[in-house]
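Scroll down for the structure; my scribbles are underneath it.
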Amino acid sequence: MGELDQLFEAGRAAWPHVTLARDTFGAHVAAIAAPDERGHFALRAGDLYLACAAGHGDGPAIEAVEHTCIAKVAPALARIITASEIDDVRQIVRQRLFIGSRDGRPRLLDYAGRGELRAWVRASAIRTAFEHLRKSRRERAHEATLMFGLPGRVEDPALDQLRRRFQDDFRAAFQAALAALDARQRTLLRQHFLDGLTTEELGRLYRIHRATAFRWLRDARAALLKRVRAGLIDRLGIGGDELNSLLRMIDSQFEISAQRILAEC
């Protein structure tokens, strides 16, 4: 018995209620895996058999993937998105795994059998959750009636003129300040302002206490704001009441400004 036949028999033994043709399995393995120098396939036969069958539409295989993989992703997603969003993300994952996206190819057929199928599905679900967050936050940012970064409508005509005059400088100062932060600070700010994660959710994601997450976020926000203010002072060369009004506007609108600019970066 050849090694492909051994893999097939091992997979069928692991999932006796799943139906998959031997030729279909063999063609799938040939497409996604290559033997080592000794002609061996170091693959997880049971998981590969199940994924191949589910990707080709076998009902019991789809139910098994649902029960053993998709149903288990909630704890990982709970560190990233709210409870009300988990079902939406799981539905997107189902669509991609069993039906596919625009190309109509089920993503399960991309599973190559080298790691645990459950872990592979969990990683796919986590990526989908972050995509969901980015999309929803960007949609909210683009719906805002704001000019870039600074408040879009200011009641004081003088401040409105100030906003229009310096919006490009503010954008440049913000981007320079963001680039000067360390990687963790940049990531925290994006996760909070763009992805909308609370300090409690950040704590779960980083496996730290909520108070520590709050302190990290507070320090990153303060560092960014300090650099933005310093950058504007250096760039603009203005002083007096005009500078003070601009800096007060930045302070008061920082939350909105950060969300909008991070969505565009």
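The 3J(HN,Hα) values that the Karplus relation (6.51, -1.76, 1.60; θ = phi - 60°) gives for region 202-214 are, in residue order, 5, x, 5, 5, 8, 6, 10, 5, 4, 5, 5, 4, 4 Hz. Gly and Pro appear as x. Given R₀ = 35 Å, FRET efficiency for ARG215-ARG127 by Cβ-Cβ distance, to 0.05? Plugging the Cβ-Cβ distance into 1/(1 + (r/R0)^6) gives 0.80. In this rough spin-label picture, where each label sits 7 Å from Cα along the Cβ direction, the ARG207-ILE99 distance is 3.6 nm.
The per residue volume of the convex hull around the alpha-carbon atoms of region 3-139 is 113 Å³. How high is the FRET efficiency between ALA30 and GLU116 when r is their beta carbon distance and R₀ equals 25 Å, given to the nearest 0.05? Efficiency computed from Cβ-Cβ geometry: 0.65. Counting every other Cβ atom within 10 Å of each residue's Cβ, SER84, SER101, SER124 order from fewest to most as SER84, SER101, SER124.
The residues TYR49, TYR111, TYR206, when put in order of fewest to most other Cβ atoms within 10 Å, stand as TYR206, TYR111, TYR49.
We did not get these values from a lab; they are worked out from the coordinates using the rules stated. Predicted, not measured: the structure shown is a model, and the values here were computed from it. Every residue, glycine among them, receives a Cβ derived from its backbone with ideal geometry; neighbour counts consider all protein chains shown.
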